[in-house]
Amino acid sequence: MSARDTVMGKIRASMRVQTSDDERRNTVAARLADAPTGVIPARAKLPAAEQVELFCAMAEQFGSTLARVSDYGDVAAEVSSYLRARNLPAAIRIGTDQRLTHAGWESEKNLELRHGPSDGGDLAGVSHATAGIAETGTLALMSGQDNPTTINFLPEHHIVVIRAADIRGDLESVWTMVRKLKGKGEMPRALNLITGPSRSGDIEQTILLGAHGPRAVHIIVVD
C-alpha cells in the first residue's frame, strides 16, 4: 500500500465512507458531465452580428484600437499600416498559426517576420485569438507554438487577429468553445484573457499604460 492509499484510507474512515462507493463516484461523474450554467447577462444574448459590434465597441472603450478587414489576405497590409502610422520598425514577432499564413505577407516586401517566442526585444508582435468576448471586449488567446504567450506580453505593441465568427457574447460560451476545440487531455497550458493594453494605477491612482505588458493593443477583425 502506498502512502497515498494510506492517507486516503484514513480520510474515508473518518468520513465513514466505504472504499467501493459507486454511488458517490457516479454522482461526481454526472456532475462533471452536466455542469450547470451560470446566469448570462442580457447584453450577451445578442444576434451574432450585434455581438461583433458590441465586442468592437467594448474593445475600443477599454483602450484598444481596432480595424476590420474583409479577408485574411488584407491582414498584412493593415499590420504594415499600423506600424507606419506609429513610426515603428517594419518588423513583427509571430508564431506558427496556420491561419496567419494566409495573411498576405508576400505583398508587404519591406515587412520582416520573426518567428517563434519573443525574448523581450520586439516592439511589435502578432497573435491570432481563439475567441472574443462581446460583453467586455476581451480577447481569449490559447498558449502554444501557434501563438506563444510571450508575444501577448513582451512586445510594446500587440496586434491581435480575430475572426468575427469566433466572437461570442459571454465568457461561458468561450469556455464551451475551447472545450470543443481541444477537449480533455488536449487543453492548452494557459488561456490568456486580455482586455485592452496593460495599465496600472498603483502610483497616486494615475493610469500608466504598459506597466506590466503591451502599451498598445490593436485588434484586426476578419469579417
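The values are calculated or read from the model by the stated rules, or taken from the named source; none is laboratory data. This one's a predicted model, so the numbers in the text were calculated from it and none came from an experiment. A quick note on method: Cβ atoms are made from the backbone with ideal geometry, for glycine too, and the neighbour counts reach across all protein chains shown. Remember, those area values only see protein heavy atoms, side chains included, never the ligands or the DNA or RNA. Shrake-Rupley method; radii C 1.70, N 1.55, O 1.52, S 1.80 Å.
Starting at the first residue of region 176-191, write each ³J(HN,Hα) from the Karplus equation 6.51 cos²θ - 1.76 cosθ + 1.60 with θ = phi - 60°, in whole Hz, x for Gly and Pro.
4, 4, 5, 4, 5, 5, 10, x, 4, x, 10, 5, x, 5, 8, 10
Please give the charge dipole size of the chain, origin at the Cα centre, charges +1 on K and R Cβ atoms and -1 on D and E Cβ atoms. Round to the nearest 20 debye.
So the magnitude is around 860 debye.
On C-alpha positions alone, give me the angle between the axis of helix 48-61 and the longest principal axis of the chain, in degrees, nearest 10.
Taking Cα atoms only, the helix is inclined about 70 degrees.
Taking Cα centroids, how far is region 20-49 from region 102-131 in Å?
When both Cα centres are located, 38 Å separates them.
With the Cα gyration tensor of the chain in hand, give its eigenvalues times 5 under a square root as the equivalent ellipsoid semi-axes, listed largest first in whole angstrom.
40, 21, 19
Helix 3-15 sits at what angle to the longest principal axis of the chain, using alpha carbons and giving 0 to 90 degrees rounded to 10?
Around 60 degrees separate the two axes.
For the chain, which whole-number percentage of the solvent-accessible area (1.4 Å probe, protein heavy atoms only) is attributable to carbon and sulfur atoms?
On the chain, the fraction of accessible area on carbon and sulfur atoms equals 52 percent.
Among the DSSP beta bridges whose two residues both lie in region 81-183, what percent are antiparallel, rounded to the nearest 5?
20 percent
Mind ordering 183-193, 161-171, 99-109 by average Cβ neighbours within 10 Å, highest first?
So the peptides 183-193, 161-171, 99-109, ranked by packing, come out 161-171, 99-109, 183-193.
Return one whole number: the accessible area per residue of the chain in Å², for a 1.4 Å probe.
Value returned for the chain: 59 Å² of accessible area per residue.
Taking the DSSP beta bridges in the chain as the whole, what percent of them are antiparallel, to the nearest 5?
Taking every DSSP beta bridge within the chain, about 25 percent pair in antiparallel fashion.
Sort 51-60, 7-16 by the packing proxy (mean of other Cβ within 10 Å over each peptide's residues), most packed first.
51-60, 7-16
Percent of Cα-Cα pairs per 10 Å bin, from 0 to the last occupied bin, for region 36-144, please list those.
12, 37, 34, 13, 3, 0
Which value, in debye to the nearest 20, describes the size of the charge dipole of region 51-168 about its Cα centre when Lys and Arg Cβ atoms bear +1, Asp and Glu Cβ atoms bear -1, and nothing else is charged?
Using Cβ point charges on Lys, Arg, Asp and Glu, region 51-168 gives about 60 debye.
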